[in-house]
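For reference, the structure discussed in these notes is given below.
The values are calculated or read from the model by the stated rules, or taken from the named source; none is laboratory data. As the structure is a computational prediction, the values presented were derived from the model and not from experiment. In this analysis, Cβ positions are derived from the backbone assuming ideal geometry, glycine residues included, and neighbour counts consider all displayed protein chains.
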Amino acid sequence: MVVSSLPTIGRGLGLSATTSVWLLLAATVPMIGLMLPLGSWADRVGNRAAFLLAANGYAAAALAVGLAPGFAWVVGGRALEGCFASLLTVLVITVAARAVDPPHRALAIGAVTAAGTLGSIVGPQLGAVLLPAFGWRAVFLISPPLMLTAAALATANLAGGLRLVRPPAVWILEGTALTAAIGGFFLLLRTPPIGVAGALLAVSLSAVVTASLWLWSRLPQALAVFRLVSERSLSAPLLGLGSMTFGVGVMAFAVPFSLLSGGNARLSISALAFTVFALGQGLSAAACGPAMRRFGSWPIATAGTAAVALALLLLLPLDPGWGPVGLTLRVGLIGFASGIVAGCDQSIVMSLAPPESAGAASAVSGLLRSLFYSFGAAVASAAAWLLPVPATGIRLMIAIAAVVALFALARKLPLRRLLAEVDRREAGLVADPQPA
């Protein structure tokens with residue numbers, strides 16, 4: 001809702017379009033940068049205590065933004081929103097995975113994914129109603145009642161205590177380093193190296209990103225993340241999630257740009273296409289749980305990634321002669337395929353992750369999804385800017401996204417036996433399988 005309402009919020013605060021973007025970055029950067037340490041912290045304190053802190057904290061931060069007297073207060077409140085949203089993002093998957101018996105895990109994760117997609121459809125529409133009637137503050141003031149309701153439901157239904165544990169200093173250092181790296185990365189993506197000043201700024205931001213990542217890599221918890229990601233059985237579904245969001249990021253830039261660059265600024269066609277995308281993603285995510293129970297994890301996981309690659313190849317020509325229907329159908333197919341991957345691969349990650357590292361596994365997958373999406377949109381934009389013919393650059397990036405999806409598919413193919421054993425284990429038939 002905030003993204004679609006950003007221009008109105010900026011005008012309400014007297015901001016330029018460039019400055020208004022900080023309202024988005026203020027929340028996005030800590031939300032992504034804090035995922036890894038907060039995932040580990042959630043594993044230590046338990047879902048109940050962590051979820052109550054996240055929901056109540058987000059409610060308080062949203063209230064602070066809604067009542068903020070000026071721009072600086074709004075940015076500070078948005079940063080707090082990002083911190084608590086990071087914890088919520090990690091917990092939504094782990095709570096869903098642990099709330100049901102293993103045979104129903106895919107169904108629960110698919111339902112959560114579908115609910116998130118539904119929110120992406122309803123949010124902009126709700127914002128369109130609230131903004132003219134109540135002003136920009138209503139966009140934030142609607143969140144506290146919803147978050148407090150979620151907290152009440154968590155209090156009644158989640159097991160565990162309420163005791164919070166102070167995170168170790170090294171985790172705080174990890175969060176600081178990753179947030180600095182993510183912030184520098186996003187600013188770098190928004191700063192084309194034009195002229196001497198632009199080049200110096202790009203070099204400085206690159207140095208911040210490099211130094212922050214180097215510092216994080218020297219921390220002991222980075223080794224645990226590397227070990228988790230390098231595990232063959234986990235790396236395949238994680239790569240599946242990353243390749244899917246990379247392709248979606250490329251598409252998210254390519255489709256609106258293709259409409260505008262052809263001299264046909266039909267933004268309504270783009271809005272329709274992405275609405276169909278979200279509907280397709282939500283429907284397939286909700287359906288992947290029953291499909292996995294019926295056909296098994298491996299067939300659905302491979303079919304989903306193959307469908308992403310095929311859908312991207314169908315989009316590759318970006319033919320202006322397709323018309324609204326042709327373009328919308330292709331974007332909708334990408335949405336349907338991405339929903340299969342989002343529900344299935346995330347379920348596989350949570351099934352294969354050690355129980356004591358469920359929060360960390362959810363955090364790693366969330367971090368990868370966010371970074372791959374941003375990187376996909378950024379490289380598509382860069383290719384359109386750098387090549388003499390922008391459409392050629394965009395088509396090149398769509399082709400690369402399809403190749404990345406095919407590579408992810410190749411990584412999944414050898415896991416047929418392992419995932420079949422996981423399916424039987426979660427049905428209560430065999431003991432835990434050994435990782436490949």
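Points to keep in mind about this one:
- In the set (1) surrounded by 15 or more Cβ atoms within 10 Å (Cβ to Cβ); (2) in contact with a Pro (Cβ under 7 Å, 6 or more places away or on another chain); (3) not charged (D, E, K, R), PHE277 fails one condition alone, (2).
- Here SER40 fulfils each of the conditions (1) of a type in the set (S, T, N, Q); (2) in contact with a Leu (Cβ under 8 Å, 6 or more places away or on another chain); (3) closer than 20 Å to THR176 by Cα apart from (2).
- Single residue of ALA408, ALA380 found to be surrounded by 20 or more Cβ atoms within 10 Å (Cβ to Cβ), of a type outside the set (Asp, Glu), touching a Phe, Trp or Tyr at 6+ places or on another chain (Cβ under 7 Å) and at pLDDT 85 or above: ALA380
- Here GLY183 passes the criteria (1) at pLDDT below 90; (2) more than 26 Å from SER284 (Cα to Cα); (3) buried (at least 16 other Cβ atoms within 10 Å of the Cβ); (4) touching a Gly at 6+ places or on another chain (Cβ under 9 Å) except the one numbered (1).
- Residues that are under 19 Å from GLY366 (Cα atoms) and surrounded by 13 or more Cβ atoms within 10 Å (Cβ to Cβ) are absent from the stretch 190-209.
- Of residues in the stretch 353-370 being buried (at least 22 other Cβ atoms within 10 Å of the Cβ) and not small (Gly, Ala, Ser), the one farthest from ALA106 (Cα to Cα): LEU367
- For the stretch 194-225, taking the residues that are of a type in the set (Gly, Ala, Ser) and in contact with a helix residue (DSSP H, G or I) (Cβ under 6 Å, 6 or more places away or on another chain), the one that is farthest from GLU356 (Cα to Cα) is identified as SER212.
- Top-ranked residue in the stretch 114-138 [being of a type in the set (A, V, I, L, M) and either under 21 Å from the mean Cα position of the chain (by Cα) or within 16 Å of ALA85 (Cα to Cα) (or both); ranked as surrounded by the fewest Cβ atoms within 10 Å (Cβ to Cβ)]: VAL122
- The condition of being polar (S, T, N, Q), surrounded by fewer than 22 Cβ atoms within 10 Å (Cβ to Cβ) and in a helix (DSSP H, G or I) holds for only one of SER258, SER284, SER233, that being SER233.
- Within the option set ILE348, ILE334, ILE300, ILE340, being of a type in the set (Val, Ile, Thr), over 16 Å from LEU239 (Cα atoms) and surrounded by 23 or more Cβ atoms within 10 Å (Cβ to Cβ) holds for one residue only, ILE334.
- Matching option when the condition is of a type outside the set (S, T, N, Q) and assigned to a helix (DSSP H, G or I), among GLY82, GLY14: GLY82
- Of the criteria (1) of a type in the set (Gly, Ala, Ser); (2) out of contact with any Cys (no Cβ under 8 Å at 6 or more places or on another chain); (3) under 25 Å from SER357 (Cβ atoms), which one ALA138 fails: (3)
- Of residues in the stretch 383-405 being surrounded by fewer than 17 Cβ atoms within 10 Å (Cβ to Cβ) and β-branched (Val, Ile, Thr), the one farthest from TRP298 (Cα to Cα): VAL389
- Given (1) crowded, with 18+ Cβ neighbours inside 10 Å; (2) out of contact with any Lys or Arg (no Cβ under 7 Å at 6 or more places or on another chain); (3) outside any loop (DSSP other than H, G, I, E, B), index of the condition ALA68 fails: (3)
- Meets criteria (in contact with an Asp or Glu (Cβ under 9 Å, 6 or more places away or on another chain), in contact (Cβ under 8 Å) with a residue 12 or more places away in the chain and not aromatic (Phe, Trp, Tyr)) for ARG190: no
- For ALA150, the conditions (1) surrounded by fewer than 17 Cβ atoms within 10 Å (Cβ to Cβ); (2) over 20 Å from the mean Cα position of the chain (by Cα) are fulfilled apart from (1).
- Any hit, the stretch 35-47, residues being at pLDDT 85 or above and of a type in the set (Phe, Trp, Tyr): yes
- PRO69 meets all of the listed conditions (1) of a type outside the set (A, V, I, L, M, F, W, C); (2) closer than 23 Å to THR19 by Cα; (3) modelled with pLDDT of 95 or more but one, namely (3).
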